[in-house]
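Quick notes on the structure that follows.
Please treat every number below as a calculation from the coordinates, not as lab data. Predicted model only: the values in this text are computed from it and were never measured. Note: ideal-geometry Cβ built from the backbone for every residue, glycine included; neighbour counts use all protein chains shown.
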Amino acid sequence: MARKPRIDVAGIPQHVIQRGVNRSFCFVDDHDCNYYLYSLHKAAEQHDCRIHAYVLMSNHVHLLVTGHSLGSVSAMMQSLGRRYVRKFNKRHDRTGTLWEGRFKSCLVDSERYVLICYRYIELNPVRAGIVENPGEYPWSSVHANAFGKVDRLVDPHPVFQMLGAEKTSRMASYRNLLARVLDQDEITSIRAHVNQGKVLGSREFQLNVESLTGLSATLVQMGRPRKS
């Protein structure tokens with residue numbers, strides 16, 4: 001069976017999820033996490049992608065990324081996946097695949113949903129019960145976005161930049177946003193759109209994407225979306 005075409009428009013951010021096969025660990029120790037981020041930085045540079053937010057969980061990864069040419073996010077993920085799996089398998093004396101098939105992704109309406117996706121991604125360890133505050137989790141872009149730590153991987157999205165005229169005011173505004181609990185409907189919607197590969201945005205935005213791609217951008221009603 002042919003693969004479903006991925007909805008992709010250059011210059012529009014995407015929320016990406018990549019999961020370990022059978023929910024197995026993708027990261028065993030700090031070395032793995034550091035090497036993944038190093039490899040992500042290299043792949044993003046090579047394929048003209050900008051990483052706005054990320055979190056590395058034990059068995060999956062979330063990214064908010066903008067590719068500046070058609071297919072660049074897919075090319076980045078393929079390059080990253082190959083490089084990381086070779087290293088991971090060698091270090092941990094294993095063979096075979098590490099990832100659960102194709103990565104999941106959805107286009108994100110910048111004006112309305114980019115900051116919601118920032119929060120969804122960086123609050124993931126809190127929702128998982130690993131930490132009480134996002135700043136306690138080491139493998140997340142929250143340290144750059146909310147607290148000013150230098151992270152060469154993170155490139156703030158223009159909507160994030162609009163939170164304040166200066167870096168300190170932007171971070172303060174973003175910390176205030178992080179302190180607010182995401183609405184359950186927002187969480188459910190994000191999960192459904194990523195899992196189905198649809199477009200997270202207003203109906204007008206979805207129609208614009210449909211006209212550009214010829215692909216359906218709206219959700220197909222089905223059961224409860226997978227948690228991640």
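So here's what we get for this one:
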| read-out | value |
| --- | --- |
| Space enclosed by the convex hull of the alpha-carbon atoms of the chain, per residue, Å³ | 130 |
| Relative exposure of 91, 191, judged by other C-beta atoms within 10 Å (fewest first) | 91, 191 |
| Charged-residue dipole, Cβ positions (Lys, Arg, Asp, Glu), the stretch 13-210 about Cα centre, Debye nearest 20 | 560 |
| Alpha-carbon centroids, the stretch 158-223 and the stretch 1-62: separation in whole Å | 18 |
| Size-normalised alpha-carbon gyration radius of the stretch 75-189, reference 2.2 N^0.38 Å | 1.24 |
| Cα-based reach from residue 42 at 16 Å (exclusive), listing lysines while leaving out same-chain residues under 8 positions away | 87 |
| 38, 120 arranged by Cβ crowding within 10 Å, fewest neighbours leading | 38, 120 |
| Cβ crowding within 10 Å averaged over residues, with 41-53, 16-28 ranked highest first | 41-53, 16-28 |
| Relative contact order of the stretch 4-151, defined on C-alpha pairs under 8 angstrom at six or more residues apart (%) | 32 |
| Estimated vicinal HN-Hα couplings, Hz - the stretch 6-15 in sequence order (Karplus 6.51, -1.76, 1.60; Gly, Pro = x) | 8, 6, 8, 9, 4, x, 9, x, 10, 8 |
| For the stretch 7-110, convex hull volume per residue from C-alpha positions, Å³ | 88 |
| Value at 222 nm in deg cm²/dmol, rounded to 500, when DSSP H runs of n ≥ 4 in the chain each add -39,500 (n - 2.57) | -13000 deg cm²/dmol |
| More than 14 angstrom apart: percent of Cα pairs within the stretch 52-110 | 65 |
| Percent of beta bridges antiparallel (DSSP, the chain, rounded to nearest 5) | 85 |
| Whole-number percent relative contact order across the stretch 89-228, with pairs defined as alpha carbons under 8 Å at least 6 apart | 28 |
